[in-house]
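Notes to accompany the following structure.
The values are calculated or read from the model by the stated rules, or taken from the named source; none is laboratory data. Remember, it's a predicted structure, so these values are computed and weren't measured experimentally. We place every Cβ from the backbone using ideal geometry, glycine too, and count neighbours over all the protein chains shown. Heavy atoms of the whole protein, side chains included, go into the accessibility calculation; ligands, DNA and RNA do not. Shrake-Rupley method; radii C 1.70, N 1.55, O 1.52, S 1.80 Å.
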Amino acid sequence: MKESSLSRLPWGYLWREEMHYIPTSRIGLDKAIDVIFMLSTDVISTTTILLNDLDMSFSCKICGLFILSSLITTVWTGGIGYFWHVSDLHLDVNFTIQDPNVLLNVPHSENNRDYYLGEYDYETCWEKGGSGKYGDYNCDSSLELVKSAMNFIKAHSDTLGNDVKFILWTGDDTSHAENEHFDEDLVVHVMGILTEQLKGTGIQVYPVLGNHDFHPKNQAPNNPAGLIYQESADLWKQWLVGEPIAEYKANGGFYQVGPDAQQHLPFKLIALNTNIYKLKNHFTEGIQDPLGQFEWLESLLKKAESDQTKVILFAHIPPGKFERFYQYMEEEDQYGFHWFTPTFNQKYLELLDKYSHVISAQFYGHHHTDALKMISANNGTPTSFGLLAPAVTPWISTLAPETGGNNPGLRLFKYDMDTGEILDYDQFWLNLAKANADNVPEWKMEYSFLEYYGLQGTIDLNLMLELTKKIRDDVQTFERYYSANSVQFDTDCDQTCRRYHLCAIFEQDYSQFEDCVSNSSRNLSSNTSTYIFLFFLYTLPNCRQWT
C-alpha cells in the first residue's frame, strides 16, 4: 500500500491487504500488538495500524501502542513525496517596467530575424520598459516574475504539508544580454539573488549550473578551481552539506547524493555539469574527458548496477537536437541545431545506453520548452528517456524565427518515497500577458501528465514508449504535446514543424536525426511497425527486469 502512513487511515482501524478495514476493537489488543511488532520487522510492507477506538480498560496499554506506532513512523520513510523542477530563470537585473497603461501584448516573433544572429532586445527591456512588472515576451525574467514563481512554489508546497522534499534547479540564471554587459562578479551576484529567492521557499534545493552561469557565457572551465565553480559552491553550501559540496568543489560543478532515507531519496541523484560539452567551449576543445566527468559518471553507474540502486540524472543541457530550429545550415552541412560537440554527444549517449537498466529518469532544462527525448541503443531500441522542463523566462529566442518564446512554467513531480518510482507530474504555468494586464500573477495548473495524455501507470520507459507512439501516430496527441511545448504560447505547427519535433523526440544521434528530417516521410512511416513491436515487447510481463 504505497500511500500508507499512520496519518492516512481513520483512527481505530487496522488495514491489511487481505482483510481491508477492520475495527481494532474486533481483534483485541494482544493481536494489535502482534501486528505492530510485525510491522516493525516488515517495514510496513503489507499492514498499517492506527489505534484510537480501543476499550478504555486498556488505557494504560494504549500509551505503549502509540509509542510503538511513533517508532514505526520514524523508521519507515515510505509514502508519497513531491519535488519541483525549476529551470532557466534568466533573471534580467536591468529590466525596466514601462508605463502600466501602455501594454506591449504583441510579441516580436513576427520579425524576420536571421537565425542565431539576433541580439537581446535591450531597447524594450532596459529603455522603453517591458509590458508590465511580470515581464515581457521579448525579455528575460523580471525580479517580480521570479518572486511570483517562488511565492507560488512555497504556497502550493504548503498545501501539501511536509510532503514536498526537494527542488531540482537546473541552471541558467543570467539574462541573454551580450557578454559585454557582464563580468564574473555580476554573474555570481545574479546567482546570489536567485539563491536567496529559492532559499525563501524553505525547501531543500539540489542545483546545477547552466551555460549562462559563466563569463563569457558557454565557457565552462576545465578546471575545478574556476571562480564560478568555487563561488557557486559557497552560495550553495547551505543545501549541499558534507560530501556533496566537497565533491562539487573538487569536481567542478557535479556531485551525487543519496540514496538517503533521511533526505527522502530512495534513489541516487547524480547532478551533472553538461556545460563542459557545449559547442565552441574553448576550454574543452580537443579534450577527451573534460573534468573527468565521463569516468566519474561511469564509476557511479557501475556501483549503482552492483548495488541495484536506481539513478536519476539531472543537468542543464540535454543531448540530441533542438526541436524548435528548422534550418539547414549550409556552412556546417547539417540539419537542425545541437548543443554538444558530436564526440561528446556520442559518448554521453553510449553511457546512457550502457547503463539504462539503472537509470530510471533524466531531467534537463536549457531548451525553455516542455519536451521529451527517447534515448536509443545503436540498433534503434529505446532504452531510456529524458524529460525537459520549460523555462520560467518567457524570452522569445533570437536563435531562429521559429524558435519563439514561452509562457513561464514550473513542474511538480510526484514520487514513491519507498520504491523511487516517478508516479506523475503537474505542470503549472503563468499566462504572462494576462498577469501583466490584471497586475496579478495567477499561476495555474496547465495539465497533469497522466490525465493529459490519457495514460495509466508510473513514469518509466514502458509508459514513455506508449506515449511517444501516441504522439507519433495520433494527431490530437501530437497537438497536445505541441501546445504544451511552449507552455501555450504557440499552437500552430505545420508539417515541417511536426517533422522536426518528432525527429527530435526519437533521434538523439546527430546523423540519425539528420537522416530523419531529410527523409522523414519514409523514416516515420517505416519505423511505425518496429515501434509497435518494441512497445509490446517492453510491456509484456517479465520481458524486462528493472533493478
Filtering the stretch 414-449 down to residues that are out of contact with any Ser or Thr (no Cβ under 9 Å at 6 or more places or on another chain) and part of a helix (DSSP H, G or I), which residue is surrounded by the fewest Cβ atoms within 10 Å (Cβ to Cβ)? Asp438
For the stretch 340-368, enumerate the residues that are of a type in the set (Val, Ile, Thr) and either open to solvent by 10 Å² or more (accessible area, probe 1.4 Å) or on the phi > 0 side of the Ramachandran plot (or both). Thr341, Thr343
From Gly132, Gly210, Gly202, Gly118, grab the single residue that is under 25 Å from Ile97 (Cα atoms) and in contact with a helix residue (DSSP H, G or I) (Cβ under 8 Å, 6 or more places away or on another chain). Gly132
Given the residues Glu295, Glu285, which is the only one that is of a type outside the set (Gly, Ala, Ser), under 30 Å from Asp260 (Cβ atoms) and open to solvent by 10 Å² or more (accessible area, probe 1.4 Å)? Glu295
Give me the pairs, please: first residue somewhere in the stretch 429-440 and touching a residue at least 24 places away in the same chain (Cβ under 8 Å) and at positive phi, second residue anywhere and open to solvent by 60 Å² or more (accessible area, probe 1.4 Å) and of a type in the set (D, E, K, R), beta-carbon distance under 9 Å, and either six or more positions apart or on two chains. Asn439/Lys133
Residue count, the stretch 354-396, condition hydrophobic (A, V, I, L, M, F, W, C), under 18 Å from Ile422 (Cα atoms) and out of contact with any Phe, Trp or Tyr (no Cβ under 8 Å at 6 or more places or on another chain), comes to 4
Quick check: is even one residue across the stretch 212-234 in contact with an Asp or Glu (Cβ under 6 Å, 6 or more places away or on another chain) and more than 19 Å from Leu89 (Cβ to Cβ)? yes
In the stretch 318-334, anything among the hydrophobic types (A, V, I, L, M, F, W, C) and surrounded by 18 or more Cβ atoms within 10 Å (Cβ to Cβ) is listed as Phe322, Phe325
Of all residues in the stretch 155-175 being small (Gly, Ala, Ser) and in a loop (DSSP other than H, G, I, E, B), the one that is farthest from Asp213 (Cα to Cα): Gly161
The one condition Arg411 fails out of (1) surrounded by fewer than 22 Cβ atoms within 10 Å (Cβ to Cβ); (2) closer than 20 Å to Thr170 by Cα is (1)
Only listed residue being surrounded by fewer than 23 Cβ atoms within 10 Å (Cβ to Cβ) and either of a type outside the set (Lys, Arg) or in contact with a Gly (Cβ under 8 Å, 6 or more places away or on another chain) (or both), chosen from Phe337, Phe385: Phe337
Filter the stretch 343-362 for residues that are closer than 12 Å to Gln508 by Cβ and not hydroxyl-bearing (Ser, Thr, Tyr); which is nearest to the chain's Cα centre (by Cα)? Gln362
Can you name the residue in the stretch 388-400 that is of a type in the set (Ser, Thr, Tyr) and crowded, with 21+ Cβ neighbours inside 10 Å and, of all such residues, is nearest to Leu313 (Cα to Cα)? Thr393
Meets criteria (open to solvent by 50 Å² or more (accessible area, probe 1.4 Å), modelled with pLDDT under 95 and either closer than 30 Å to Val311 by Cβ or of a type in the set (Val, Ile, Thr) (or both)) for Cys543: yes
Given the criteria closer than 17 Å to Pro207 by Cβ and among the polar types (S, T, N, Q), does Asn281 qualify? no
When the residues of the stretch 149-188 are narrowed to those that are within 22 Å of His366 (Cβ to Cβ) and open to solvent by 10 Å² or more (accessible area, probe 1.4 Å), which ends up nearest to the chain's Cα centre (by Cα)? His176
Name the single residue that is farthest from His176 (Cα to Cα) among those in the stretch 205-248 being open to solvent by 10 Å² or more (accessible area, probe 1.4 Å) and β-branched (Val, Ile, Thr). Val241
Go through (1) closer than 20 Å to His357 by Cβ; (2) open to solvent by 30 Å² or more (accessible area, probe 1.4 Å) for His264 and report which single condition fails. (1)
If we scan the stretch 521-536, do we find a residue that is at pLDDT 90 or above and open to solvent by less than 30 Å² (accessible area, probe 1.4 Å)? no
Out of all the residues in the stretch 471-481, which are surrounded by fewer than 17 Cβ atoms within 10 Å (Cβ to Cβ) and touching a Ser or Thr at 6+ places or on another chain (Cβ under 9 Å)? Asp473, Glu479
Thr403, sole failed condition from (1) open to solvent by less than 30 Å² (accessible area, probe 1.4 Å); (2) more than 17 Å from Gln512 (Cα to Cα); (3) modelled with pLDDT of 95 or more: (3)
